[in-house]
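Peer 1: Structure incoming, see below.
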Amino acid sequence: MEYILEMKNISKTFPGVKALNGVELKVKPGEVHALMGENGAGKSTLMKILMGIYTMDDGGEILFNGQPYHVHNPKEAMDTGVAMIHQELNPILDMTVYENIFVGREIRKNGIVDKRAEIEEAKKLIADSGLHVSPTETLRHLTVAQCQLIEIIKAISVNAKVIVMDEPTAAITDREVELLFGHIRKLKAQGVAIIYISHRMDEIFAICDSVTVYRDGTYIGCGTTKELDEAALIKMMVGREITDVFPKLDAQIGEVMFEAKHITRADGKVKDVSISVRKGEILGIGGLVGAGRSELVEGIFGMHRLSGGEVYVKGRKVRTRTPSDMIKEGVALVTEDRKVTGLNLRGTVNDNISMVAIRKALVNGLYSQGKARKLSQEYIEKLKIKTPSGDQIVNNLSGGNQQKIVIAKWLLNDPDVIIMDEPTRGIDVGAKRDIYLLIGSLVQQGKAVILISSEIPELMGVCDRIAVMAEGHLSGEITRENFSQETIMTLASDIAV
Ligand SMILES: Nc1ncnc2c1ncn2[C@@H]1O[C@H](COP(=O)(O)OP(=O)(O)OP(=O)(O)O)[C@@H](O)[C@H]1O
Ligand SMILES: [Mg+2]
């Protein structure tokens with residue numbers, strides 16, 4: 001048998017959306033198979049069908065190990081040998097590590113859950129994985145990377161033959177990515193197949209053997225990473241060639257628009273950092289995940305207590321600094337974690353987009369749904385947000401499209417200074433390019449942009465200047481003519497040059 005998993009002619013229709021249209025996916029044992037496509041292409045939907053979370057439309061066929069495969073929920077999928085590490089990790093935070101590993105398949109003795117046996121078994125599994133956590137720790141106290149590893153441990157312990165990883169690196173540090181890749185290689189060697197979903201090209205070529213590409217719910221093609229290169233893959237995904245992945249528009253750089261001086265956080269996560277950005281300028285903030293970049297901008301934005309520091313907008317000192325004060329001063333913060341600070345997932349696209357700009361949706365002092373609808377329609381088009389209408393519930397949109405809504409929401413408020421924290425995370429190549437062009441047009445209009453990113457090519461592509469942070473302080477600043485990958489990396493790891 002050549003394939004461990006064969007999905008053939010799979011379709012899925014949601015009200016108003018044909019998410020998948022007769023696609024296929026064929027995975028061999030022991031390979032890492034990338035599933036690629038633009039935001040909303042249908043990748044997560046296919047994987048949810050595989051896990052029994054969604055039922056497919058009639059006419060599709062799934063074979064596992066050569067046998068017909070029918071599952072109705074993730075537990076049945078797990079029992080059969082298919083496990084998934086989700087795009088949005090949603091662990092029950094009050095659960096302990098061992099409870100999570102054995103949920104739904106508790107070890108019992110005389111009908112009663114044998115906690116001690118579960119803890120012992122969990123301890124062994126954790127030790128084998130090289131993770132350093134106690135089995136009785138609650139998930140709340142673990143990092144995203146640790147939660148992910150627990151999920152992987154769980155998959156290994158049920159003897160999964162196929163493990164789905166949907167954007168597993170979206171929220172973990174570079175060092176943790178290396179650790180994850182180590183685990184993937186080990187699983188591969190044991191003959192486990194991995195279905196790997198990611199928008200990061202470097203990862204695809206680093207860890208994957210083959211790639212299947214979808215576009216708009218249809219199957220485009222499949223090939224090996226040896227025979228494909230980045231340009232070919234992009235063309236399959238977006239349907240045209242993109243030569244200029246990081247477009248930079250010319251803008252007139254003017255006077256200083258925004259300054260933060262000697263920012264020091266009460267919790268010690270940011271130490272004496274000063275940055276400034278001019279009208280028409282894009283300032284990048286580089287550094288490793290955990291260097292204090294989000295902590296800096298959240299401190300500036302009034303989300304955390306500072307023990308020192310001052311903020312100036314257009315030369316005027318901001319006296320009281322709360323998020324709503326900052327918004328009034330014309331500063332916007334597009335946050336990194338869309339689930340926590342960015343979006344109301346149960347609200348509609350329209351509700352979310354108009355949330356920050358309520359004042360704009362007022363007609364004679366009253367909130368007008370019609371006005372909100374029109375405003376939001378404008379941004380759905382501008383950012384090419386893929387949704388059947390503005391009335392769609394945000395939770396039903398694909399991950400990347402949710403991210404675009406966070407951006408739209410803030411732009412509607414027409415800020416002068418826009419701080420963006422990893423705005424392109426989870427966003428496909430074509431849409432990333434749209435966002436760079438959007439940032440470019442913002443600075444052309446005389447706004448100032450601060451862009452936090454972990455992707456060095458992105459920073460070097462679109463910024464005028466890059467400030468680099470390491471361990472809570474500023475380790476250096478580079479202007480465009482001196483940009484180099486090496487300098488940025490050196491500053492990020494804060495080794496004296
Ligand atoms: N529960 C749902 N109800 C309605 N529409 C849905 C639902 N789930 C997904 N969709 C729609 O199906 C399409 C495919 O979404 P899916 O999440 O599979 O995309 P994706 O390829 O995983 O994208 P991303 O890269 O952004 O994660 C999108 O248009 C999405 O809005
Ligand atoms: Mg997805």
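The values are calculated or read from the model by the stated rules, or taken from the named source; none is laboratory data. The structure presented is a predicted model; accordingly, all values stated were derived computationally and were not measured. Neighbour counts run over all protein chains shown; Cβ positions are idealised from the backbone, glycine included.
Peer 1: In region 39-69, which residue that is in a loop (DSSP other than H, G, I, E, B) and near ligand 1 (Cβ under 7 Å from one of its atoms) is nearest to residue 195 (Cα to Cα)? Even if it seems obvious, please write down each step before you answer.
Peer 2: Kept after step one, since they are in a loop (DSSP other than H, G, I, E, B), are these residues of region 39-69: 39-42, 51-60, 65-66, 69.
So of that shortlist, the ones also near ligand 1 (Cβ under 7 Å from one of its atoms) come out as 39-42.
Details: 39: 17, 40: 18, 41: 16, 42: 14 Å.
If we take residues in region 39-69 being in a loop (DSSP other than H, G, I, E, B) and near ligand 1 (Cβ under 7 Å from one of its atoms), then 42 is nearest to residue 195 (Cα to Cα).
Peer 1: Note down all Cβ pairs under 6 Å where the first residue falls in region 160-181 and is within 14 Å of residue 290 (Cβ to Cβ), the second is within 16 Å of ligand 2 (Cβ to nearest atom) and part of a loop (DSSP other than H, G, I, E, B), and they're at least six residues apart or on different chains.
Peer 2: If the second residue must be within 16 Å of ligand 2 (Cβ to nearest atom) and part of a loop (DSSP other than H, G, I, E, B), the pairs left are 177/169.
Peer 1: Filtering region 385-410 down to residues that are among the basic types (Lys, Arg) and within 12 Å of ligand 1 (Cβ to nearest atom), which residue is modelled with the lowest pLDDT? Show your work before the answer.
Peer 2: So in region 385-410, the residues among the basic types (Lys, Arg) come out as 386, 404, 409.
Keeping just the survivors that are within 12 Å of ligand 1 (Cβ to nearest atom) gives 386, 404.
Numbers: 386: 88, 404: 85.
The residue in question is 404.
Peer 1: Now for a separate question. Filter region 10-38 down to residues that are part of a loop (DSSP other than H, G, I, E, B) and within 16 Å of ligand 2 (Cβ to nearest atom) and give me whichever is farthest from residue 383 (Cα to Cα).
Peer 2: Step one: filter region 10-38 for residues part of a loop (DSSP other than H, G, I, E, B), giving 15-16, 28-31, 37-38.
Adding the requirement that they be within 16 Å of ligand 2 (Cβ to nearest atom) leaves 37-38.
Values: 37: 18, 38: 14 Å.
This residue is 37.
Peer 1: I would also like to ask the following. Which of the following residues is surrounded by fewer than 21 Cβ atoms within 10 Å (Cβ to Cβ), within 16 Å of ligand 2 (Cβ to nearest atom) and within 27 Å of residue 19 (Cα to Cα): 383, 345, 375? It would help to see each step written out before you state the result.
Peer 2: On the way: 383 fails: within 16 Å of ligand 2 (Cβ to nearest atom); 375 fails: within 16 Å of ligand 2 (Cβ to nearest atom).
After ruling out the rest, the residue left standing is 345.
Peer 1: Right, something else. Within region 205-263, how many residues turn out to be among the small types (Gly, Ala, Ser), surrounded by fewer than 17 Cβ atoms within 10 Å (Cβ to Cβ) and not in a strand (DSSP E or B)? Break it down stepwise before answering.
Peer 2: Initially, region 205-263 is screened for residues among the small types (Gly, Ala, Ser), giving 206, 210, 217, 221, 223, 231-232, 239, 251, 254, 260.
Pick out the ones that are also surrounded by fewer than 17 Cβ atoms within 10 Å (Cβ to Cβ) and you get 206, 221, 223, 231-232, 239, 254.
With the extra rule that they be not in a strand (DSSP E or B), the set shrinks to 206, 231-232, 239, 254.
Adding up the residues that qualify gives 5.
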